[in-house]
Amino acid sequence: MERLQKVLAHANIASRRKSETIILEGRVKVNGVVVTELGFQVSANDEIEVDGNLIEKAEHLYFLLNKPTGYVSTTSDEKNRKTVMDLLDIEHRKVRLYPVGRLDFDTAGLLLITNDGDLTKRLTHPQHEIEKEYLVRVDNIIIRKKIVELRKGVIIDKNYKAVPKEVRLLELDKKNQSTLLSITLIEGKNKQVRKMIQALGFEVKNLTRVRYDFLTLEGVGRGTYRPLKIHEIKQLYAHSLPKK
């Protein structure tokens, strides 16, 4: 059993919030009876109509996108900036898809896009500890003492201790005075990697997410995307179970 507004959203009728408005306006029938209760539960066997038209559940789609910088990870933007939806083919823009979590405007890399709300909820819940790996180019040479400090955790947002799952030093570019790090997180605070680097007294030159759980950017060029394979979808579901 699922909430009626959730079913409408999955059928690409409207967003969850707009679906609630449609229900309250008395435009939805379940098995021929008008329903205006937001918490109403329906099953797969129920017939649902919106404005007299029978709805069908939309097919679940799953994509791995290599996001460039300069795009926001939302379905629309009040500032009229480009969104990750602009990178999709026209046929996929017609489907109500949305990103799984977010990458900042100035951050590039791996972003999942789907219309599977259940998987999205599981993947973005912190208790499931999904690993996200980032390549971070820092505008200075970071001494080993600072890297040890980063591994132990640093304070961001005034009182939150951000502890990475792993930090690896990949390159010290003394000529250009920069450092390349790999940082793996199992959480996703807003601008977390940038804030962690700033807590050390440095600034991020560029930032790319290169891994999401077991998925990587291999074979996916910047600004392009590919569908997930069946075994990848099953693996994401398996890995998004709560950790014991």
(request) Tell me the label-point distance for the pair THR21, THR36, using the 7 Å Cα-to-Cβ offset, in nm and rounded to one decimal. (result) 1.8 nm
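Skip the ligands, DNA and RNA, and give the accessible area per residue of segment 1-73 with a 1.4 Å probe, whole Å².
54 Å²
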(message) Test of understanding: what is the full-extension gain from ILE90 to SER182, defined as 0.36 nm times their sequence separation minus their Cα-Cα distance?
(response) 29.6 nm
(request) Find how much the distance from ARG144 to ALA238 grows on full extension, using 0.36 nm per residue of separation minus their present alpha carbon separation; answer in nm with one decimal. (result) 30.1 nm
(request) Mind listing the long-range amide H neighbours of VAL210? Cut-off is under 5 Å, sequence gap 5 or more, other chains count too, H placed in the peptide plane at 1.01 Å from N. (result) LEU110, GLU133, TYR134, LEU135
(message) So if I take the alpha carbon set of segment 107-244, get Rg, then get Rh from the Kirkwood formula, what is the Rg over Rh ratio?
(response) 0.99
(request) Take the Cα radius of gyration of segment 153-198 and divide it by 2.2 N^0.38 Å, with N its residue count; two decimals is plenty. (result) 1.27
(request) Whenever you get a sec, compute what percent of the accessible area on the chain sits on carbon and sulfur atoms (1.4 Å probe). (result) 48 percent
(message) For Cα pairs less than 8 Å apart in space and 6+ apart in sequence, what is the mean separation divided by the residue count of segment 165-244, i.e. the relative contact order in percent?
(response) 15 percent
(request) Report which label in (1) 1.19; (2) 0.99; (3) 1.30 holds the value of Cα Rg over 2.2 N^0.38 Å derived from the coordinates of this structure. (result) (1)
(message) Helix-only mean residue ellipticity at 222 nm, the chain, DSSP H runs n ≥ 4 weighted -39,500 (n - 2.57), per residue, nearest 500. What is it?
(response) -6000 deg cm²/dmol
(message) Restricting to Cα pairs below 8 Å that are 6+ residues apart, what does the relative contact order work out to for segment 83-205? Please round to a whole percent.
(response) 24 percent
(message) Placing unit charges on C-beta atoms (Lys and Arg positive, Asp and Glu negative, everything else neutral), compute the dipole magnitude of the chain about its Cα centre in debye, rounded to 20.
(response) 1360 debye
(message) My understanding is that a pair violates if its Cα-Cα distance is over 30 Å; which of LYS82/LYS152; LYS67/LYS145; LYS152/LYS234; LYS29/LYS121 do that in this structure?
(response) LYS82/LYS152; LYS67/LYS145; LYS152/LYS234
(request) Report the calculated FRET efficiency for GLU59 and LEU200 (r = Cβ-Cβ distance, R0 = 41 Å), to the nearest 0.05. (result) 0.35
(message) Could you work out how much longer the chain between LEU170 and LYS189 gets when fully extended? Use 0.36 nm per residue separation minus the Cα distance between them, nm to one decimal.
(response) 4.5 nm
(message) Taking the solvent-accessible surface of protein heavy atoms with a 1.4 Å probe, what is the per residue accessible area of segment 183-244 in Å²?
(response) 55 Å²
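As an exercise, take the mean of 1/r over every pair of distinct alpha carbons in segment 57-150, invert it, and state the Kirkwood radius in angstroms.
It works out to 15.3 Å.
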(request) Give me the distance in nm between label points sitting 7 Å out from Cα along the Cα-to-Cβ direction at LYS152 and PHE214, one decimal. (result) 3.6 nm
(request) Restricting things to alpha carbons, find the Rg to Rh ratio for segment 15-115 using the Kirkwood radius for Rh. (result) 1.08
(message) Residue by residue through segment 219-227, what is 3J(HN,Hα) from phi via Karplus (6.51 cos²θ - 1.76 cosθ + 1.60, θ = phi - 60°)? Round to whole Hz and write x for glycine and proline.
(response) x, 10, x, 4, x, 10, 8, 9, x
(message) Could you tell me how far the Cα centroid of segment 1-60 sits from the Cα centroid of segment 180-226, in Å?
(response) 38 Å
(message) So if I restrict to the alpha-carbon atoms in segment 194-244, what is the Rg, and what is Dmax, the biggest pairwise distance, in Å?
(response) 15.7, 44
(request) Using R₀ = 45 Å, calculate the FRET efficiency as 1/(1 + (r/R₀)^6) where r is the Cβ-Cβ separation of LYS79 and GLU131; round to 0.05. (result) 0.90
(request) For the chain, calculate the relative contact order in percent as a whole number, restricting contacts to Cα pairs under 8 Å that are 6 or more residues apart. (result) 20 percent
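The values are calculated or read from the model by the stated rules, or taken from the named source; none is laboratory data. These figures come from a predicted structure and were not determined experimentally. Note that each Cβ is placed from the backbone with ideal geometry, even for glycine, and that neighbours are counted across all protein chains shown. These accessible areas exclude ligands, DNA and RNA; they are computed on the full protein's heavy atoms, side chains included. Shrake-Rupley method; radii C 1.70, N 1.55, O 1.52, S 1.80 Å.
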